[in-house]
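Below is one structure, written out as structure tokens; comments come after it.
The values are calculated or read from the model by the stated rules, or taken from the named source; none is laboratory data. Everything quoted here is computed from the prediction, not taken from an experiment. All Cβ positions, glycine included, derive from the backbone under ideal geometry; neighbour counts span all protein chains shown.
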Amino acid sequence: MGTAVYLASTNWFIQFLVSFRDQFIESLKISDIGADISKAILQQESNFKVGGVHFMLTDAVIVTWVAVSLFIFLWVWIASKRERVPSGRQLVSESVIDLFMTLCKSNGMSQKQAEKVTPFLGTVCFFLVACNLASAFKIAPPAKNPAFPVAMALFTIAYVLVTSIRIVGIKGFWASLIDPMPAMLPFKILDYLIKPVSLSMRLFGNIFGAFILMEFIYIVIPAVVPGILGIWFDIADGILQAVIFTYLATSYIGEILESAEAAEEKKHEKDKAKIIA
């Protein structure tokens, strides 16, 4: 009986080694690179019908909602522990919040203003991190679809404008548009049209480029190298792009506050000069 079990185990192990060898050799063969890259670039679509209405669901939408779900569960778990003396995950969460608060203050915001902006910045940053890290699991990141970065950029700029107006008021925002002189108005308006384009193109270009590069490496050099390069292109680059996106959004708000404050100071100086005169 023992001999039969030993022979069966040996045969299974030999078959496993032969199968592993064959699969490894097959993975080293370079297939049609163009076809594989094209397949990676094109989004996966699923069509379904509900009540006579046709819907289309793309891979970007699915990955986005999975990332959102994981993000919510993660932060609910982190925030569930509250103690007077923070430790563990509570200490981590408070350190992250302090980091965002410091970022806001370094861009000219007060403590109260930073407290208003930090929740949005933290949400955007970790949402993008969760979405971008999908490529580390050989899943196409949502930013590969141009609609995703465009939507993120438009939503962020809309938040920047609304929040800035809430902080400095309509008059303060208008003052920021004509600072340091009224002739700057058309250029400031053009700047707000260019900013969402810049945000979306930066996010799309970096994530899409890194994804395609890693797909090419997986096809041409499938062993060892993708794992090493993936540490940067799949993980570090995804986190970096989320950080850059968040930092730029913060700096946009800071620019408006700084211009509004500068215009207010100039107004006070003029009023003082009139009184003295």
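Worth a mention:
- Scan of region 86-113 for residues that are basic (Lys, Arg) and exposed (fewer than 13 other Cβ atoms within 10 Å of the Cβ), ordered by number: 112
- Condition met for residue 139 (in a helix (DSSP H, G or I), surrounded by fewer than 21 Cβ atoms within 10 Å (Cβ to Cβ) and of a type in the set (A, V, I, L, M)): no
- When region 171-191 is filtered for residues that are loosely packed, with under 14 Cβ neighbours inside 10 Å and assigned to a helix (DSSP H, G or I), the ones remaining, listed by number, are 171, 182, 183, 185, 186, 187, 189, 190.
- The lone exception for residue 194 - which of (1) more than 17 Å from residue 68 (Cβ to Cβ); (2) in contact (Cβ under 8 Å) with a residue 24 or more places away in the chain it fails: (2)
- Hey, residue 157 assigned to a helix (DSSP H, G or I), surrounded by fewer than 18 Cβ atoms within 10 Å (Cβ to Cβ) and under 30 Å from the mean Cα position of the chain (by Cα) or not: no
- All conditions in (1) surrounded by 13 or more Cβ atoms within 10 Å (Cβ to Cβ); (2) modelled with pLDDT under 85; (3) farther than 21 Å from residue 241 by Cα hold for residue 116, with the sole exception of (2).
- The single condition among (1) touching a Gly at 6+ places or on another chain (Cβ under 9 Å); (2) assigned to a helix (DSSP H, G or I); (3) of a type outside the set (A, V, I, L, M) that residue 123 does not meet is (1).
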